[in-house]
Amino acid sequence: MQLRYRFRLYPTTGQRVSLGRAFGCVRVVYNDALRARETARSEGLAFPKSGDLSKLLITEAKRTPERAWLGEVSSVVLQQSLRDLDTAYKNFFDGLKGKRPGMGVPRFKSKRDTRQSVRFTANARWKITAGGKLSLPKIGDIAVKWSRALPSTPSTVTVVKDSAGRYFASFVIETGPEAALPDTAGEVGIDLGLTHFAVCSNGRKISSPRFLRRAEKKLKRTQQALSRKRKGSANRAKARLKVARAHAKVTDARHEFHHQLSTRLIRENQAISVEDLCVKGLARTRLAKSVHDAGWSAFVSMLEYKAARYGRTFAKVDRFFPSSQLCSACGFKDGPKPLAVREWTCVNCGTVHDRDVNAARNIRTEANKVAAGQAETQNACGG
């Protein structure tokens with residue numbers, strides 16, 4: 001399993017300049033390689049290989065007056081930009097073949113992009129010093145805010161500057177499954193919603209924090225201040241940074257909420273089941289802002305990888321399963337109901353249901369049925 005660990009960096013003024021130089025050099029090499037390949041495609045020539053591009057755009061370019069400044073940064077990050085372009089092309093072609101979700105064609109990078117990144121591999125000889133700083137070639141030792149210890153030694157580190165002007169070190173580490181948590185008898189089905197972020201089959205309801213809705217007034221003021229600034233001015237750049245920081249604060253709060261809730265559910269339950277929602281479809285309705293504010297997809301992804309890591313069972317129920325139409329007591333299908341109906345009585349057995357709790361119980365029951373059916377199929381096949 002691959003896990004990403006991200007830590008905040010606090011570079012000095014000189015280190016910020018060096019990082020900015022590295023971002024620019026990586027961007028130029030990437031764009032030059034993309035331009036060379038697009039030119040070859042338009043002229044019907046052979047697709048240039050990475051080795052030829054490396055020799056032309058890095059080794060030989062450093063000897064010219066126009067590109068001599070490429071030698072001011074580590075050559076490893078320049079080579080890595082060519083590998084990133086190869087990955088972008090591979091993802092695009094795999095999308096056309098149906099091997100993965102569709103990806104757009106590689107695009108040129110701009111110095112006006114608010115997010116910049118550079119990747120250092122093991123060949124760059126970066127290291128974590130005894131004092132806990134991140135030592136990068138031709139940049140120096142950067143102070144790091146370590147929130148936890150790395151489980152193993154990473155081979156690469158990506159330095160990212162986000163739209164809010166913050167710097168982060170991102171490590172991708174190969175890890176095996178953690179020691180399984182103690183077994184528990186808890187099984188829970190989860191119905192995700194907007195009024196309540198999550199309703200569990202045991203009756204627990206977690207209110208939706210609505211981070212974006214709560215911050216709308218402040219975001220509106222900062223956005224209005226930005227719109228009044230003259231384009232290209234220094235004051236506009238400062239105002240844009242304030243808008244980005246306000247949005248980053250909302251994103252961080254939502255991310256922390258998802259992590260805390262998913263960890264609590266994984267610890268308390270042996271099996272977790274959720275509905276496979278079509279978030280893209282819901283995001284095209286009048287509820288789009290609330291759907292994006294909830295962040296269901298990120299939360300479900302956290303549940304999935306944490307369950308695999310800690311030895312829990314995770315299941316998704318088909319999105320077309322009528323969880324809100326079935327009676328969890330007798331199984332009678334009572335038909336669709338408008339969203340305004342929050343409670344209903346089963347006409348077959350007379351049970352009074354809370355709409356969301358009933359849906360969560362049906363999700364749990366359906367997940368158990370699917371798991372039992374898969375076990376029977378494996379036994380029938382001699383598994």
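The values are calculated or read from the model by the stated rules, or taken from the named source; none is laboratory data. Note that the structure is predicted; figures quoted are calculated from it, not measured. Counting neighbours? That spans all protein chains shown, and the Cβs are built from the backbone with ideal geometry, glycine included. Quick note on the areas: whole protein, heavy atoms, side chains included, nothing else; ligands and nucleic acids left out. Shrake-Rupley method; radii C 1.70, N 1.55, O 1.52, S 1.80 Å.
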**Study point:** Long-range neighbours under 7 Å by Cβ, at least six apart or interchain, first residue open to solvent by less than 70 Å² (accessible area, probe 1.4 Å) within the stretch 103-119, second outside any strand (DSSP E or B) and of a type in the set (A, V, I, L, M)
**Key:** 106/34; 106/85; 106/88; 114/244; 118/22; 118/26; 118/77
Practice item. Tell me, please, whether a residue that is in contact with a helix residue (DSSP H, G or I) (Cβ under 8 Å, 6 or more places away or on another chain) and of a type in the set (D, E, K, R) can be found in the stretch 56-64. Key: yes
Point to revise | Failed condition for residue 153, given (1) at pLDDT 90 or above; (2) assigned to a loop (DSSP other than H, G, I, E, B) | key: (1)
**Study point:** Residue in the stretch 196-244 that is nearest to residue 256 (Cα to Cα), counting only those that are part of a loop (DSSP other than H, G, I, E, B) and without any contact (Cβ under 8 Å) to a residue 40 or more places away in the chain
**Key:** 215
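Yes/no matrix, rows are residues, columns are (1) in a loop (DSSP other than H, G, I, E, B); (2) within 30 Å of residue 264 (Cα to Cα):
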residue	(1), (2)
303	no, yes
315	no, yes
319	yes, yes
323	yes, yes
330	yes, no
335	yes, no
347	yes, no
350	yes, no
353	no, yes
Check your understanding: Which numbered condition trips up residue 144, out of (1) modelled with pLDDT of 95 or more; (2) out of contact with any Gly (no Cβ under 8 Å at 6 or more places or on another chain); (3) open to solvent by 20 Å² or more (accessible area, probe 1.4 Å)?
Key -> (2)
Review point. Is it the case that the stretch 17-24 has a residue that's of a type in the set (A, V, I, L, M), more than 17 Å from residue 170 (Cα to Cα) and free of Cβ contacts under 8 Å to residues at least 12 places away in the same chain?
Key: yes
Study note, to complete from the structure: residue 274 fails exactly one of (1) farther than 15 Å from residue 190 by Cα; (2) assigned to a strand (DSSP E or B), namely (1)
Check your understanding: Can you tell me which of 274, 341 is at pLDDT 90 or above and β-branched (Val, Ile, Thr)?
Key -> 274
Check your understanding: Of the residues 282, 241, 287, 326, which is more than 15 Å from residue 198 (Cβ to Cβ) and touching a strand residue (DSSP E or B) at 6+ places or on another chain (Cβ under 6 Å)?
Key -> 326
Practice item. Identify the residue in the stretch 338-368 that is farther than 21 Å from residue 274 by Cβ and in contact with a Lys or Arg (Cβ under 7 Å, 6 or more places away or on another chain) and, among all such residues, is most open to solvent (accessible area, probe 1.4 Å). Key: 343
Practice item. Filter the stretch 181-195 down to residues that are part of a loop (DSSP other than H, G, I, E, B) and among the small types (Gly, Ala, Ser) and give me whichever is farthest from residue 315 (Cα to Cα). Key: 193
**Study point:** Subset of the stretch 1-34 [outside any helix (DSSP H, G or I) and open to solvent by less than 90 Å² (accessible area, probe 1.4 Å)]
**Key:** 1, 3, 5, 7, 8, 9, 11, 12
Check your understanding: Regarding residue 100, is this residue open to solvent by 80 Å² or more (accessible area, probe 1.4 Å) and either touching a His at 6+ places or on another chain (Cβ under 8 Å) or not hydrophobic (A, V, I, L, M, F, W, C) (or both)?
Key -> yes
**Study point:** Only one of 261, 192, 287 that is closer than 30 Å to residue 310 by Cβ and modelled with pLDDT under 95
**Key:** 192
Point to revise | Condition met for residue 37 (basic (Lys, Arg) and open to solvent by 30 Å² or more (accessible area, probe 1.4 Å)) | key: no
Exercise for review: Output the residues belonging to the stretch 156-185 that are among the hydroxyl-bearing types (Ser, Thr, Tyr) and either over 21 Å from the mean Cα position of the chain (by Cα) or open to solvent by less than 40 Å² (accessible area, probe 1.4 Å) (or both).
Suggested key: 156, 158, 167, 170, 175, 184
